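Input: a single structure, listed below in structure tokens.
Here, each number is a calculation from the coordinates, and none is a lab measurement. Model, not experiment: these values are computed from the prediction. Cβ atoms come from the backbone with ideal geometry, glycine included; neighbour counts cover every protein chain shown.
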């Protein structure tokens, strides 16, 4: 017996005629919580890098641009390039959905290196650009799962990236949308890629010496996220415009996560060998 869920409007509320969507609130919540966690970590006595308020504000601005631009470009290139080539104005319609985690991750990495390079150029940071960039990315590796959690909850509210048809007792049917019971895959991902991944990364930061090796925690995030994403993709319906990439069921998310796992493993290995 499937669980019947009444669809929730993607619009959370309106202000002066402007519709505020749950997806936008998810991003806002992620950035707000992430900012205060970054501030806490960079003021910790055990931290390897310290930033003042202005530097944190500049970093947050860089990250917002990195996440949005990287996430959108990643979705366009990896998931729906033919459509956007035919409808170029839709590239800017981010309120219609369409963000890629893997693209957003690349955007975060690039924006972090650019931020550190600019701070180094202004004489505000000592040490190498490489080490400081990866120290920041290690902290963000602890914070990132919180953003993933909010994003997946918004996916569920919007009835996006839902799972494959199933007969498990906790299958979900959205009333008025489809009678087919499906895996609530956004909830799976929110639990694994969000809650569980945050707990693991926080414990690795607090109770191990990995934070002393620039890049080690970032590499761990890459490997762990890839494992959780590949697992969750077993229950998630493939993107309708792409389908399965192979006859044995490989999805685009699994392929990108496989590349991410290898990259994370390389970064982790280099970080451990070079303190």
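Label-to-label distance, residue 65 versus residue 250, with points set 7 angstrom from Cα along the beta-carbon direction: 3.6 nm. Comparing 88, 238, 184 in a Gaussian network model of the chain where C-alpha atoms under 10 Å apart are linked, the largest mean-square fluctuation is found at 88.
Distance between the pseudo-spin-label points of residue 32 and residue 20 (7 Å out from Cα toward the beta carbon): 0.8 nm. Per the Kirkwood formula applied to alpha carbons, the range 113-195 shows a radius of gyration over Rh ratio, Rg over Rh, of 1.30. Counting other beta carbons within 10 Å of each residue's own, what order do 32, 108, 142, 173 fall into, fewest first? Final ranking by Cβ density, sparse to dense: 32, 173, 108, 142. Between the C-alpha center of the range 75-116 and that of the range 166-231 there is a gap of 21 Å.
Adding -39500 (n - 2.57) for every DSSP H run of four residues or longer, then dividing by how many residues the chain holds, sets the calculated 222 nm ellipticity at -19500 deg cm²/dmol. Helix 22-42 and the longest principal axis of the C-alpha atoms of the chain enclose an angle of approximately 20°. Helix 197-207 and the longest principal axis of the Cα set of the chain meet at an angle near 20°. Structure remark: mean-square fluctuation, Gaussian network model of the chain, C-alpha springs under 10 Å; the largest value among 90, 193, 233 belongs to 90.
Computed over the range 152-275, relative contact order equals 27 percent, with contacts defined as Cα pairs under 8 Å that lie 6+ residues apart.
GNM remark for the chain: springs join alpha carbons under 10 Å apart, and the peak mean-square fluctuation among 236, 135, 43 falls on 43.
Between helix 252-273 and the chain there is an angle of about 20 degrees, using the helix long axis and the longest principal axis of the Cα atoms. Taking other C-beta atoms within 10 angstrom as a stand-in for reagent exposure, 45, 53, 206, 120 fall in the order 45, 53, 206, 120, fewest first. Take every Cα pair under 8 Å whose residues are at least 6 apart in sequence, average their separation, divide by the length of the chain, and the relative contact order is 21 percent.
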